Amino acid sequence: MTAGRTLSVRNLSIMFGGVHAVEDVSFDVSPGEVFAIIGPNGAGKSTIFNLISRLYEPSAGSIQFGEYDLLGLPAHRVVDTGIARTFQNIELFEQSTVLQNLLVGRHSRMSGNALCDFAFLPRVRRAEIRHRRKVEDIIDLLELAQYRDERIADLPYGARKNVELARALCAEPALLMLDEPASGLNTEETDDVGFWLEDIKHDLGVTLVMVEHDMNLVGQVADRVMAINDGRVLAIGSPDDVRENEDVQQAYLGMTE
Amino acid sequence: MQVLFKTRYEDDIRFLPKTGEKIRVGLVVAFLLAAPLLLQDYYLGELGLLLVYAIAGIGLMILTGHTGQVSFGHAAFLGIGAYCHAILMSHGVPFSLSVVLTTALSGLIGMALGRSASKMHGFYLAIATLAFLMLVETLLGEWESMTGGYGGLAVPGLKVFGISLASAWQQYYLDLFFTFVVVLGAANLFRTPTGRSFLAVRDSELSARCLGVNVEWAKIQAFGISAAITGLAGVLLAHHLAYLAPDVFSVLESLKLMLMIVVGGLGSIPGAIFGAILVSLLPVALSFLKDVLPPALGQQAGLEPLLFGLIIVIFIVFEPQGIYGRWMKLRFFFETFPYYRKSSFVRQKSYLKTERMR
Ligand SMILES: Nc1ncnc2c1ncn2[C@@H]1O[C@H](COP(=O)(O)OP(=O)(O)O)[C@@H](O)[C@H]1O
Ligand SMILES: [Mg+2]
């Protein structure tokens, strides 16, 4: 079982061209928790996700997920530890259908061999059907049935965000990182996202780490919030505590000036 | 418009879910099977050659169209396939074993090329593959003891399982057999993890990685499969040419393969076949052009590459989805007549949905 792993980030730092995009960031996310990261644009939120995904190499610090030292793994092995994610600027496979996208979500759990696949051996067919069943559960959960055979390029924005969430869920993660799941959505769609996140947490038991600007959504689903600015942690605590924090208010005021 | 109601997961795994598609593909297959009864030997040979180029086109399509990795070096794999097979055969290796060995060797060389190129993108990849082609072309010319050098190499007669296949129809059926194998195998790839990982690498390396796709390995595999299939086309091509010379496998030949897949429609297997048909008709068009153009222009030596380049550019600018994409639009036009709107191809199925769903 992958449930029960704690994500521990310690003293994480990375520099881009002499500037600290993330500096000395430490936090823990317990199993089953919903942890939100907030902060003004350019604060380093997405960079933290990219570090955990092993897309960037940190200059210092450590990232532990349960018994795994993530810094010892290449990016494509991270999902095997039980971590899946979405991207701020949706990264779907544009020319493929929704179904094909979701099946790639199963990739980490499928054992492919090019020659067996070329011949479409009976066991390849059986595996396809088995994984297809899992995908179908996620399609039902996120109400994507009517889009199943559409190409991503033909989908409206809101549906794409949804498909990306579904694709991440297809990996059956223990921990899911969501980079601005509600950005660009209208209020009705944002409410839907709120409900789905609750479902994902309760029904699937997935730990959630999310970057989000919509403070209503954060207040609604998050157990704890971390506020950062200029790559540094300003505050970690309950949504209300963080909202009241002077440094946090300062950071947001400073931005709107 | 046709709406498919699915009752089983199997329906998505099947190749041709629509009746119309089944009939069309069935007709093509029937024609191909009956061709020796319908065509004279000369045209049968031309049709066989078309199939060989369709195989090579599918090889390049998997790499460039489906995985997004440009290669201007694929003529090298045709050359490696043709030469390796001819050399093995002339050393007494039976056809069936030679095909397997040649395809495997071509695939391995492709994987090695893919490995060194897996960190490269776009322009650099194009240059690297071009350099590879020049290396192979030079090697085929200089390694005289093995390849016969620039003087050329005769290809032993076609003999399968000890039976001599001297007639045009016999050779044609051999080409057709391998065409079926390759088309089926390529189609299989794209309903399984291997092919999906290729498409994923093409559309977003970033999210492919985060979903567990080893991007470097996917590229190496794509190069390997692509090179193996193109090498197989080289084997069949050798028997059509009967006499090999290094300059057959030149940049122009690579350009021809690229032309096929761009014109046919990147990212689709039928596209490679459409492309092969077009490229086969090109010499006819070319000889026609030479007649109608003023001699100063028509007799120019570089007319062929110029035309190839021009067609590639025109298609990339005006019809990036190629002939296959145009065909899909045309079919949609007839299926929805008289309700067709230009924009509706893109968002066609949205009309089926309620306002809320959109
Ligand atoms: N790949 C990169 N190369 C250079 N600078 C980067 C890169 N990724 C992020 N940055 C910089 O790091 C800082 C934090 O960016 P980011 O994490 O995307 O912010 P946000 O909190 O809005 O998600 C920004 O100043 C950004 O310009
Ligand atoms: Mg961001």
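General remarks:
- Taking each DSSP H run with n ≥ 4 as -39500 (n - 2.57) and averaging over every residue of chain B yields -23000 deg cm²/dmol at 222 nm.
- Ratio of the Cα radius of gyration of the range A:1-136 to 2.2 N^0.38 Å, where N counts its residues: 1.26
- Chain B: angle of helix B:269-292 to the longest principal axis, Cα-based, in degrees nearest 10: 60
- If you wrap the Cα atoms of the range B:235-317 in a convex hull and average its projected area over all directions, you get 6.6 nm².
- The range B:169-321 - Kirkwood radius from inverse mean 1/r over Cα pairs (Å): 17.9
- Each residue of the range A:171-179 is assigned a 3J(HN,Hα), and the resulting list reads 6, 6, x, 8, 9, 10, 9, 10, 9 Hz, derived from the Karplus form 6.51 cos²θ - 1.76 cosθ + 1.60 (θ = phi - 60°), x at Gly and Pro.
- Neighbour-count order for A:Ser53, B:Ser145, fewest beta carbons within 10 angstrom listed first: B:Ser145, A:Ser53
- Taking a straight line from the alpha carbon of B:Lys119, these aspartates and glutamates sit under 15 Å away, with near neighbours fewer than eight places off in the same chain left out: B:Glu205, B:Glu216.
- Quarter of the Cα convex hull surface for the range B:125-254, i.e. its orientation-mean projected area (nm²): 10.2
- Computing Rg and the Kirkwood Rh from the Cα coordinates of the protein assembly as shown gives a ratio, Rg/Rh, of 1.03.
- Applying 1/(1 + (r/R0)^6) with R0 = 30 Å to the Cβ-Cβ distance of B:Glu21 and B:His121 gives a FRET efficiency near 0.25.
- Coordinate range along principal axes, alpha carbons of the range B:61-165, Å, largest first: 46, 29, 18
- B:Leu37-A:Asp137 FRET efficiency (beta carbon distance; Förster radius 51 Å; 0.05 resolution): 0.45
- The Cα-based radius of gyration and maximum Cα-Cα distance (Dmax) for chain A are 18.8, 64 Å.
- The smallest convex shape that holds all Cα atoms of the range B:39-345, its convex hull, gives 164 Å³ per residue.
- Label point distance in nm, B:Ala104-A:Asp149, each placed 7 Å from Cα along Cα→Cβ: 4.1
- Space enclosed by the convex hull of the alpha-carbon atoms of the range A:116-257, per residue, Å³: 161
- Global geometry of the range B:56-121, whether rounded, prolate or oblate, following the gyration tensor of its Cα atoms and the 1.5 cut on a/c: prolate
- Taken over the range A:91-172, the alpha-carbon convex hull comes to 93 cubic angstrom per residue.
- For chain A: relative contact order, % (alpha-carbon pairs under 8 angstrom, 6 or more apart): 28
- Sorted fewest first by neighbouring Cβ atoms within 10 angstrom, A:Thr81, B:Thr230, B:Thr129 come out as A:Thr81, B:Thr129, B:Thr230.
- In Hz, Karplus ³J(HN,Hα) per residue of the range A:143-160 (6.51, -1.76, 1.60; θ = phi - 60°; x = Gly, Pro): 6, 9, 3, 6, 9, 2, 9, 7, 6, 4, 4, 8, 8, x, 4, x, 5, 5
- The simple spin-label model puts a point 7 Å past each Cα toward its Cβ; for A:Leu55 and B:Val284 those points are separated by 5.0 nm.
- Under the combined filter of DSSP loop state and at most 15 neighbouring Cβ atoms within 10 Å, the range A:1-99 retains these GluC sites (Glu not before Pro): A:Glu67.
- Among B:Ser280, B:Ser197, A:Ser96, a tally of other beta-carbon atoms within 10 Å of each Cβ gives an order, fewest to most, of B:Ser280, A:Ser96, B:Ser197.
- Approximate spin-label separation A:Asp230-A:Glu188, in nm, with each point projected 7 Å along Cα-to-Cβ: 4.3
FYI, it's all coordinate maths here, none of it is from the lab. Small disclaimer: the values here were computed from a predicted structure and weren't measured. Glycine gets a Cβ as well: all are built from the backbone with ideal geometry, and neighbour counts include every protein chain shown.
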